[in-house]
Amino acid sequence: MRRSTAAAVGTLTGAALIIGVRLSVTPPEAPVVAAPVGNLADGTPAPKPSSKKPAASGSKEKAPAKQKETAKPKSGLKDGVFKGDAAANPYGKIQVTIKVEGGEITDAAATFPTANDSATINPPAIAALKESTLQAQNADVSAVSGATYTSESYVKSLQAALDAAKA
Amino acid sequence: MGTTVSIELGEDRPDLELRGLITSVCDWLHEVDARFSTYKADSEVSRFGRGELRLEDASADLRHVLDACADLWRDTDGYFDAYASGPLDPSGYVKGWSVEVAAARLLAAGSHDHYINAGGDIRMRGNHPDGGPWRVGIRHPWEADKVSWVLALHDGAVATSGTYERGDHIFNPRTGRPAQGLRSVTVVGPDLSVADAYATAALAMGEAGIAWLSKRAADGYDSAVVTDDGRAFSSANLPAAV
């Protein structure tokens, strides 16, 4: 386990070094788009949804994060969010961002080119999922897809209501 | 498998024929349950899991299921794991696969317009009886009587994995802890067993699953995701109804 973590850090450091070397090439100006997890860069909390949420669930999951921060970092990495310099390659510009917590890299994200040749080569390969407002509709549908219900919860499901309406 | 299956046939055919088709689908699904349920001690899967059945003596179906689980384990970086909870449990693949087989049998029996919904995972073909596409709602993760997306499709599969229905039953195989970060993951694509495995894997990954799913779009698997804090994400080619 520990060994593989070290290897992962090594790889990221390697990537950062390569990016540093590539900086000597003048990067062409190209618009970049953040990967889906990319909003770790500014660290701003996600916008709160308008729809209702359960009051009880979720509160118990938050606790363990604090302990890690007080642990002494063994890797020599400082906590925080770090952005690598933009690197140019023949297909466009890439910028890597990492998040360090308790001396460990906990997240990594890269921005990808959306213009030049890459706009046609990259998507849909790395086309990010788009964020939108969560809807709550009363829709006219034939069937409902949802997390697997038990026989008991089926009785209360929208699919059961649809089935009853058709029977 | 302890769930409910809804079947709708869109064809204008004699009642007796339609009932015969539905009976054959139900018979097949009950057969799969008897052979592949991990809750039944005498099922083929349970006997294989205990080492009482050798691989070379297993049925072609079980060998197919084991192969497919191994392929999906590789395709999902290990996040779809038939051994995630300890002993062999290929249910995450078996459900989608058994519905795929049932739908293929319906087609072979001359049914071109149908859907089968097995506990929220749906395989459909052809047209709704009104001649248009099938309209599939994706359940809102907090409001059971609402939908958060409506899809319109003629042929394809829609699978959803979520933490809202049965609690923490999806585990991150890397940490051994319940998956967190994503509340609901829906994958739409040509094959229900693959769509279901991808949805389960992404849910296990947590928020990193959003980036992972975006790469599956190139293979024809689109997705719609809701995070634990209520943010919604969807891929560009998700077949949303207009």
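Where a number appears in this text, it was derived from the coordinates with a stated rule and is not lab data. This structure is a prediction, so every number in the text was calculated from the model and none was measured. In this analysis, Cβ positions are derived from the backbone assuming ideal geometry, glycine residues included, and neighbour counts consider all displayed protein chains.
Things to note:
- Taking amide hydrogens as placed 1.01 Å from N in the peptide plane, the amide H of A:Glu104 sits under 5 Å from that of no residue at least 5 positions away in sequence or on another chain.
- Positive dipole terminus of the range B:5-234, leading residue within B:Leu192, B:Gly176, B:Ala157 (C-beta point charges): B:Gly176
- Of A:Lys156/B:Lys40; A:Lys83/B:Lys215; A:Lys78/A:Lys130; B:Lys40/B:Lys146; B:Lys40/B:Lys95; A:Lys156/B:Lys95, those spanning more than 25 Å from alpha-carbon to alpha-carbon: A:Lys156/B:Lys40; A:Lys78/A:Lys130; B:Lys40/B:Lys146
- Estimated vicinal HN-Hα couplings, Hz - the range B:227-235 in sequence order (Karplus 6.51, -1.76, 1.60; Gly, Pro = x): 7, 4, 9, x, 7, 10, 10, 8, 7
- Taking a sphere under 10 Å around the Cβ of B:Ile116 and counting the other residues whose Cβ falls inside, with K and R at +1 and D and E at -1, yields a net charge of -1.
- Taking other Cβ atoms within 10 Å as a rough exposure proxy, B:Ile210, B:Ile7, B:Ile122 sort from fewest to most as B:Ile7, B:Ile210, B:Ile122.
- Ranked list, fewest to most other Cβ atoms within 10 Å of each Cβ, for B:Trp73, B:Trp134: B:Trp73, B:Trp134
- 3J(HN,Hα) couplings calculated from phi for the range B:181-192 with the Karplus curve 6.51 cos²θ - 1.76 cosθ + 1.60 (θ = phi - 60°) are, in sequence order, x, 10, 9, 8, 10, 10, 10, 10, x, x, 10, 5 Hz; Gly and Pro show x.
- Angstrom value of the Kirkwood radius, inverse mean 1/r, which spans all Cα pairs in the range B:1-159: 17.3 Å
- Taking the fewest neighbouring Cβ atoms within 10 Å as the starting point, the ordered list for B:Tyr115, B:Tyr198, B:Tyr164 is B:Tyr164, B:Tyr115, B:Tyr198.
- Charge dipole of chain B about the Cα centre (unit charges at C-beta), most positive-ward option of B:Gly209, B:Gly126, B:Tyr221: B:Gly209
- 10 Å Cβ neighbours from other chains, averaged over peptide B:146-154: 5
- For the segment B:174-182, counting C-beta atoms of other chains within 10 Å of every residue's C-beta and taking the mean gives 1.
- Highest-first arrangement of B:180-189, B:48-57, where packing means the average Cβ count within 10 Å: B:180-189, B:48-57
- In Hz, Karplus ³J(HN,Hα) per residue of the range A:98-105 (6.51, -1.76, 1.60; θ = phi - 60°; x = Gly, Pro): 10, 10, 10, 10, x, x, 10, 6
- Within 10 Å of each Cβ in B:216-227, the average number of Cβ atoms from other chains: 3
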